[in-house]
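The values are calculated or read from the model by the stated rules, or taken from the named source; none is laboratory data. Every value quoted in this text rests on a predicted model; they were computed, and no experiment measured them. Heads up, the Cβs are rebuilt from the backbone with ideal geometry, glycines too, and the neighbour counts pull from every protein chain shown.
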Amino acid sequence: MQLVIGGAFAGKRDIVRKKHKEFSWVSSYHNDLLSNWDLKWQSGTTLVLEGWERWVKQQLKKEVEDAVIRVEFSRLFQCFLEEERLRNDCIVLIMLEVGRGIVPIEEDERRFRDLAGWILQDAAKMAEEVQYVWHGMAKRLK
């Protein structure tokens, strides 16, 4: 599993497209459901999942406890690792960096920011490779 992190419009998609040739793309920006990732993954392609901040916000509307949400995402990442091994294909997570800048005043926005950061940390720990992208350039962190 690979993780590509960066700010909005930093060039994350371009970095992924340059590295991988054939894709199955799952995006919350196109209203794709995270739960349907396996249905969209075609054999012999790299599965790319983007728009994690929207999927996290959806979970925040359903679940009261942050710890439960974090465990659910962690289990999903474990599932990705297993499927990647079984299929011998690659999975790339594109995640938005939301931890920089001004801390939001609204409690629910701070909660989202914290949870998104924890989920990103979990993904980074499990990922085989982590890249940080800014201004269209990538730096390998792991």
Matching residues in the range 98-135 (surrounded by fewer than 16 Cβ atoms within 10 Å (Cβ to Cβ), within 18 Å of the chain's Cα centre (by Cα) and over 26 Å from residue 71 (Cβ atoms)) number 1
Hey, residue 36 hits all of (1) farther than 21 Å from residue 122 by Cβ; (2) surrounded by 13 or more Cβ atoms within 10 Å (Cβ to Cβ) but one; which does it fall short on? (2)
Is there any pair linking a residue in the range 52-77 that is touching a residue at least 24 places away in the same chain (Cβ under 8 Å) and within 21 Å of residue 92 (Cα to Cα) to one that is among the hydroxyl-bearing types (Ser, Thr, Tyr) and buried (at least 18 other Cβ atoms within 10 Å of the Cβ), with Cβ under 6 Å and at least six apart or on different chains, and which? 54/28; 55/28
Taking the range 1-12 on its own, how many of its residues are out of contact with any Phe, Trp or Tyr (no Cβ under 9 Å at 6 or more places or on another chain), at pLDDT 95 or above and either surrounded by fewer than 19 Cβ atoms within 10 Å (Cβ to Cβ) or in a strand (DSSP E or B) (or both)? 2
In this structure, is residue 82 surrounded by fewer than 15 Cβ atoms within 10 Å (Cβ to Cβ), under 16 Å from residue 2 (Cα atoms) and among the acidic types (Asp, Glu)? yes
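So, in the range 78-114, exactly how many residues are among the charged types (D, E, K, R), over 30 Å from residue 45 (Cα atoms) and in contact (Cβ under 8 Å) with a residue 40 or more places away in the chain? Spell out how you get there, then give the answer.
So the first thing to find is which residues in the range 78-114 are among the charged types (D, E, K, R), and the list is 82-85, 87, 89, 97, 100, 106-111, 113-114.
Checking the rest, the ones that are also over 30 Å from residue 45 (Cα atoms) come to 100, 106-111, 113-114.
Keeping just the survivors that are in contact (Cβ under 8 Å) with a residue 40 or more places away in the chain gives 100, 108, 111, 114.
Residues in the range 78-114 being among the charged types (D, E, K, R), over 30 Å from residue 45 (Cα atoms) and in contact (Cβ under 8 Å) with a residue 40 or more places away in the chain: 4 in total.
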Just checking, does the range 57-79 include any residue being surrounded by fewer than 16 Cβ atoms within 10 Å (Cβ to Cβ), within 22 Å of residue 17 (Cα to Cα) and hydrophobic (A, V, I, L, M, F, W, C)? no
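Select from the range 13-35 the residues that are assigned to a loop (DSSP other than H, G, I, E, B) and under 18 Å from residue 79 (Cα atoms) and list them in ascending order. Can you show your working first?
Going residue by residue through the range 13-35, those that are assigned to a loop (DSSP other than H, G, I, E, B) are 20-22, 31-33.
33, the sole residue that qualifies.
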